[in-house]
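Report on the following structure.
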Amino acid sequence: MKEFDYIIIGAGCAGLSLAYELEINEKLKDKTLAIIEPRIEYKKDKTWSFWKVAAHNFDDCVKKSWKNFTINIPKKTNHLECISYPYQSIDSGLFYEKINNKIKENKNIYFFKDISEINSKNSFVFNSVPTIKKDDRNLWQHFCGVEIETQNNFFDDGIFNLMDFDCDQRESVHFFYTLPYSKKTALIETTWLSRMNDGFQKDYDSQIKDYIENYLKLKNYKIIYKEEGAIPLFYPTYEKEKNKINIGTAGGMTRLSTGYTFLNIQEHSKYICKNIENISNAKKFEINKKYQYLDDIFLRVLDKNPEMMPEIFFKMFKCSPKAVIKFLSNKSNFLEDLSIILKMPKITFIKALFY
Ligand SMILES: Cc1cc2nc3c(=O)[nH]c(=O)nc-3n(C[C@H](O)[C@H](O)[C@H](O)COP(=O)(O)OP(=O)(O)OC[C@H]3O[C@@H](n4cnc5c(N)ncnc54)[C@H](O)[C@@H]3O)c2cc1C
C-alpha cells in the first residue's frame, strides 16, 4: 500500500483550508499528501459567518459583508456598527470549488474515500473527524436556517440581525438570526443553545415559518436553500498521539461561548503551515486559555439560568461594539475583557464558579 508524508482525514472546512494553505505556500512540492474524504460530491451545505478580525484566503468566496447589525430582546433593539471588523458570510459552495480546483493541480496530492486504502503508519496525520462521547450534560448550539427569496423588495441589506430573542424560549436559550443578502433574499436561522437531549426544540420548520409569516409578516416568499447543524459547545475527546494533530472542530477550534470556528481554523492552518517542517515538535495551537476559562463560566451561567441569557447578551453589546467583537473573536485586551465582565450580573457569575 502506498505511503504519504502527510494525511488529512476529513476534507471539510479544516481539512481543505489546511490543504490549500500548504499548497499556496509550496509546502507540497516535494512532499506527498493523502486526503481522506467519504463525500461523493461537494455542494453548498453551510454558510460560515464571522467578524473579519484577521486576514484569510477566502475573500473571493464572501457572499456578503455588513458594517451594521442589531441585537434585540422584547421591546428593545440595539443598533451597532462594525466598520473596523465587517461581518462576512462565506458561501461553502464557492469555498469547496476554489480549493478543490487548486489542489487538483498538484500531482503530489491524492484523494481517497477511506483511510483503510492507504498505509498511514509512517505519515503525519491531521485529523478533522471528532470523537464525541455521548453525555447528556453537554451543551450544543443547534440550528436550522433557510435562505428565502421574496417577490418584492423586503429586506434592508445594509444591516443584519445577530440575535433576535423576541421568541419562544421554552426554558432554554433561543434566538433568530437574519442575514439579508439583498433586498429580496435572506438567510433566516432559528438557533438554540441547549443540551439537545430530546426533539422538543427541533420543530425547526414550523419555528421558521411562524417567524417569517407572523413576526416578519412576510407572506410571498419561497425557500431556495436550507442548512441544519449542531456545533458542540464542549471540546471533543482528544488523545495526544506523536504523529497526529487534530484540526477543526475536532482540534478545539470552536469558541465555546459562540460556536464561531471558521477564522480559528484559518489561523490554525497558517500556524501548521509555518511549522510544517518541524510539526511533530511544534507547540499545540489552541484558543487562548483566558477565553477557555471565561467561556466555561459563561456556559455554566447559561446552563443554570437560561432565562437570564437574552438580557445578558443584550447587556454585553452595551459595551463598545469593537470591544465585544474583539472579545468574541479572541482578540481582546485586558481592558476590553474587563469592560465586558463588568457588564455581567456579578452574583450570578460568582455563583457559577462553584457549580
Ligand atoms: C450548518 C453549520 C453552519 C455553521 N456556521 C458557522 C458560522 O457561521 N461561523 C463559524 O465560525 N462556524 C460555523 N459553523 C461551525 C464550523 O465552522 C463548521 O462546523 C466547520 O465546518 C468545521 O470544520 P471541520 O473541518 O472541523 O468539520 P467539517 O467541515 O464538518 O469537515 C469534516 C469532514 O470530515 C468528513 N468525514 C466524516 N467522517 C469521516 C471519516 N470517517 N473519514 C474521513 N472523513 C470523514 C466529512 O464528510 C467532512 O467533510 C457551522 C457549522 C455548521 C454545521
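Of all residues in the stretch 1-23, those that are of a type in the set (Lys, Arg) have Cβ atoms under 7 Å from Cβ atoms of residues that are within 13 Å of the ligand (Cβ to nearest atom), 6 or more apart or on another chain, in Lys2/Ile118. Of all residues in the stretch 32-51, those being more than 10 Å from the ligand (Cβ to nearest atom) and hydroxyl-bearing (Ser, Thr, Tyr) number 1. Scanning the stretch 1-31 for residues that are part of a loop (DSSP other than H, G, I, E, B) and near the ligand (Cβ under 9 Å from one of its atoms) gives Gly10, Ala11, Gly12. Here Lys102 passes the criteria (1) in contact with a strand residue (DSSP E or B) (Cβ under 7 Å, 6 or more places away or on another chain); (2) surrounded by fewer than 22 Cβ atoms within 10 Å (Cβ to Cβ) except the one numbered (1).
Among the residues of the stretch 178-190, some residue qualifies, meaning at least one is among the charged types (D, E, K, R) and in contact with a Leu (Cβ under 9 Å, 6 or more places away or on another chain). All of Ile83, Ile40 fail the test of being without any contact (Cβ under 8 Å) to a residue 24 or more places away in the chain, of a type in the set (A, V, I, L, M) and closer than 25 Å to Lys331 by Cα, apart from Ile83.
Computed from the coordinates by the stated procedures, all read-outs in this text should not be read as laboratory data. Only a predicted model underlies this, so the values are computations on that prediction, with no experimental measurement involved. Note that each Cβ is placed from the backbone with ideal geometry, even for glycine, and that neighbours are counted across all protein chains shown.
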